[in-house]
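Chemist: Before I ask anything, here is the structure I am working with.
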Ligand SMILES: [Zn+2]
C-alpha cells in the first residue's frame, strides 16, 4: 500500500516511461493505459471489487476518480464503517488487485473479482481476529460480518 501510495508500483505506463518496449495497456482489461489510478481504482476488474467491498460495508457504491478520492474515502467518519475498517479493506483490496495483475501477467491466470473479494474477506477476518484484543479492533468483526 505504501508503494502504491507513493506511486512507485511498476505499472506498465511507468515501465514504458523507463524505456521498456512493452504495451502500456492494462494487464487486466487491455483497454486503458495501466496507471496506478486505472489499475487499482477504475479498471472494470477493480471497480467490481470496490463495489463488493462497499456493499459489504453497506456504503453507497462510489467510483474513485483519483488516488486522493480513495484517501478521502478512507478517512470519512461513518459510524458503521469506521476509518480503521475502511483502511484495512483498502489496503487488502489494493494488495489483491496488484496480486491478480501480477498473477495474470506472470502465470497467465487470475481469479474472478468475486473470488478475489472472497480472499479479501478472509484476509480482513484474519487481520481482525489476530488483533481482537486491541481496543480499536474489538468491534470491527461485528461491523464486517453483519
Ligand atoms: Zn484495466
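Chemist: Go through segment 24-63 and give me each residue that's outside any helix (DSSP H, G or I) and closer than 17 Å to residue 144 by Cβ.
Modeler: 57, 58, 59
Chemist: Within the set of pairs 6 or more residues apart or between chains, which connect a residue that is under 15 Å from residue 104 (Cβ atoms) and in contact (Cβ under 8 Å) with a residue 12 or more places away in the chain inside segment 20-47 to a residue that is assigned to a loop (DSSP other than H, G, I, E, B) and more than 9 Å from the ligand (Cβ to nearest atom) with Cβ atoms less than 7 Å apart?
Modeler: 34/11; 34/24; 39/11
Chemist: Could you tell me whether any residue of segment 105-112 is assigned to a helix (DSSP H, G or I), farther than 30 Å from residue 141 by Cα and either within 16 Å of the ligand (Cβ to nearest atom) or in contact (Cβ under 8 Å) with a residue 40 or more places away in the chain (or both)?
Modeler: yes
Chemist: Could you pull out the residue among 81, 115 that is surrounded by fewer than 13 Cβ atoms within 10 Å (Cβ to Cβ) and out of contact with any strand residue (DSSP E or B) (no Cβ under 6 Å at 6 or more places or on another chain)?
Modeler: That would be 115, the only listed residue that is surrounded by fewer than 13 Cβ atoms within 10 Å (Cβ to Cβ) and out of contact with any strand residue (DSSP E or B) (no Cβ under 6 Å at 6 or more places or on another chain).
Chemist: Looking at the structure I just gave you, is residue 17 near the ligand (Cβ under 10 Å from one of its atoms), exposed (fewer than 15 other Cβ atoms within 10 Å of the Cβ) and over 11 Å from the mean Cα position of the chain (by Cα)?
Modeler: No; evaluated as a whole, the condition is false for this residue.
Chemist: Right, another one. Which residues, taken from segment 23-51, are touching a helix residue (DSSP H, G or I) at 6+ places or on another chain (Cβ under 6 Å) and surrounded by fewer than 18 Cβ atoms within 10 Å (Cβ to Cβ)?
Modeler: Hits for segment 23-51 are 24, 29, 32, 33, 48.
Chemist: Moving to a separate point now. Can you say whether residue 3 is modelled with pLDDT of 95 or more, within 12 Å of the ligand (Cβ to nearest atom) and either more than 20 Å from residue 112 (Cβ to Cβ) or in a loop (DSSP other than H, G, I, E, B) (or both), as far as the supplied structure shows?
Modeler: no
Chemist: Give the residue, chosen from 45, 117, that is farther than 23 Å from residue 12 by Cβ and under 12 Å from the mean Cα position of the chain (by Cα).
Modeler: Going through 45, 117 in turn, the sole match is 117.
The values are calculated or read from the model by the stated rules, or taken from the named source; none is laboratory data. Just so you know, these numbers come straight off a predicted model, no measurement behind them. Please note: Cβ atoms are built from the backbone with ideal geometry, for glycine as well, and neighbour counts cover all protein chains shown.
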